[in-house]
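The values are calculated or read from the model by the stated rules, or taken from the named source; none is laboratory data. Just so it is clear, the structure is predicted and the values come from calculations on it, not from any experiment. Virtual Cβ from ideal backbone geometry, glycine too; neighbours counted across all protein chains shown.
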Amino acid sequence: MSARGAVAFVAALVLAACSDPRPPVVECTPVGSARPVCGFQNPEDLAQLPRSKQLVISQMGEMDGSEPGSLVFFAPASDAITPAFVGAGGGGGPSAGWGDPACPGAPDAKFSPHGIALARRPDGALQLLVVNHGGRESIELFEVTDAEPPALSWRGCVVAPEGAFLNDVAALPAGGFVATHMFSRDGGFFTAVKGLLGLSTGWVYEWQPGTGFTQVPGSEGPMPNGIEASPDGEVLYVDLYMGDEVRKLARKSGELLATVQVASPDNVLWSPDGSLLVASHNAPLHELFACGEIEEGSCPFHYSILALDPDTLAPRALYENAGPPMGAGTAALRIGDELFVGTFKGDRIVRVPLAK
């Protein structure tokens, strides 16, 4: 792109951001077979507990850490929402036992969760890994008691490298994890423009006990967002939000194993049938920007849920929606013949029956 073209492109972005947005979705009523469940705060990411079958849901505050969030449990059988963790501070430091021994202690009241991942530790304990923006940029580690009722116990943390701005996390079998670094926290407006021009803004970090953080080869791209790992940890699936791409990578070598074009892919989660569910945003820029300003209801913009073949990344459409009962879907779980979809900006999730 020429310098003149780049200037014109930036001008178009500014004009788009000033356009009139669509009004938020306020009514909490079904539309067709899609049924919203309200009473949440920005339920951005979801995971299902294997025994109790309840969901753990990340209620995001603000990505810059200026507003706190929390973790909640959700019971699909009753639609009941119960608190799971709200940051308070005062917890143990290194004696908590998991993560980095230099972890300064439990997250305080600024705790603002984002992406989450549920996995077994090498010793068999069930853990929840949580990206946190509040008070510090970190991965928080919780032990899960998967009973009725379920419970979370904070067990440690790993503070992110200086300047990192994380989005999502996935566990690795030996006790480490991988996490997407979107862009530098101090990058500002020009970082966003760089990403929209298709240039690299971030990468995937790998963290291992004893060795700390390293950069995953081949993971650089325009705003890495969602991430999943194969069960053996050898393959990563990385969503490049501003690159309109889902990338399949060999974790150790960085070899590109497959790629597929998907409009603004957000989170990616494993489905029981072995496919990968990706939330795709099909919204114009002014609607995306306007979502940050809504004060009630749900963001309305158009999104799709796609199932990707884990070998080839061939996509298959499962569901799409704009407007009521919920827009701006960010993560989808398949439970039986039903999709549960969360959002980064809104007061609800939506439950969608799938054709049998």
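For segment 252-262, the count of residues that are surrounded by fewer than 17 Cβ atoms within 10 Å (Cβ to Cβ), of a type outside the set (Ser, Thr, Tyr) and out of contact with any strand residue (DSSP E or B) (no Cβ under 8 Å at 6 or more places or on another chain) is nonzero.
Kindly indicate the residue of segment 160-199 that is of a type in the set (Gly, Ala, Ser) and within 30 Å of residue 126 (Cβ to Cβ) and also surrounded by the fewest Cβ atoms within 10 Å (Cβ to Cβ) among those meeting that condition. The selected residue is 174.
Pairing each residue of segment 103-117 that is closer than 21 Å to residue 278 by Cβ with any residue that is β-branched (Val, Ile, Thr), provided the two are 6+ apart or on different chains, yields C-beta distances under 6 Å for 113/130; 114/131; 115/131; 115/169; 116/130; 117/169.
Within segment 228-244, if we keep just the residues that are farther than 21 Å from residue 333 by Cβ and of a type in the set (Gly, Ala, Ser), the residue that is surrounded by the most Cβ atoms within 10 Å (Cβ to Cβ) turns out to be 243. Among the residues of segment 104-113, those that are of a type outside the set (Ser, Thr, Tyr) and crowded, with 24+ Cβ neighbours inside 10 Å comprise 107, 111, 113. Could you go through segment 157-165 and let me know if any residue there is touching a Gly at 6+ places or on another chain (Cβ under 9 Å), within 19 Å of residue 84 (Cα to Cα) and not aliphatic (A, V, I, L, M). So far as segment 157-165 goes, yes, one or more of its residues are touching a Gly at 6+ places or on another chain (Cβ under 9 Å), within 19 Å of residue 84 (Cα to Cα) and not aliphatic (A, V, I, L, M).
For residue 79, the requirement of being farther than 29 Å from residue 187 by Cα, surrounded by fewer than 22 Cβ atoms within 10 Å (Cβ to Cβ) and over 19 Å from the mean Cα position of the chain (by Cα) is met. For segment 328-340, the set of residues classified as under 14 Å from the mean Cα position of the chain (by Cα) and over 14 Å from residue 276 (Cα atoms) consists of 328, 329, listed by residue number. Report whether or not residue 290 is more than 17 Å from residue 167 (Cβ to Cβ) and either buried (at least 21 other Cβ atoms within 10 Å of the Cβ) or at pLDDT 95 or above (or both). Answer is yes for this residue. For segment 28-66, filtering for residues that are over 17 Å from residue 341 (Cβ atoms), modelled with pLDDT of 95 or more and charged (D, E, K, R) leaves 2.
Taking segment 212-227 as the range and being surrounded by 24 or more Cβ atoms within 10 Å (Cβ to Cβ) and polar (S, T, N, Q) as the test, the residues that pass are 219, 225. Residues in segment 32-52 that are surrounded by fewer than 16 Cβ atoms within 10 Å (Cβ to Cβ) and either touching a strand residue (DSSP E or B) at 6+ places or on another chain (Cβ under 7 Å) or in contact (Cβ under 8 Å) with a residue 40 or more places away in the chain (or both): 33, 39, 50, 51. Residues in segment 329-339 include none that are assigned to a loop (DSSP other than H, G, I, E, B) and buried (at least 18 other Cβ atoms within 10 Å of the Cβ). Taken over segment 53-75, residues that are in contact (Cβ under 8 Å) with a residue 12 or more places away in the chain and either over 17 Å from residue 329 (Cβ atoms) or touching a Lys or Arg at 6+ places or on another chain (Cβ under 7 Å) (or both) amount to 16.
Checked against the criteria, residue 204 counts as buried (at least 16 other Cβ atoms within 10 Å of the Cβ), at pLDDT 95 or above and more than 23 Å from residue 125 (Cβ to Cβ). Determine whether segment 310-327 contains at least one residue that is over 21 Å from residue 283 (Cα atoms) and assigned to a strand (DSSP E or B). No; the residues of segment 310-327 include none that is over 21 Å from residue 283 (Cα atoms) and assigned to a strand (DSSP E or B).
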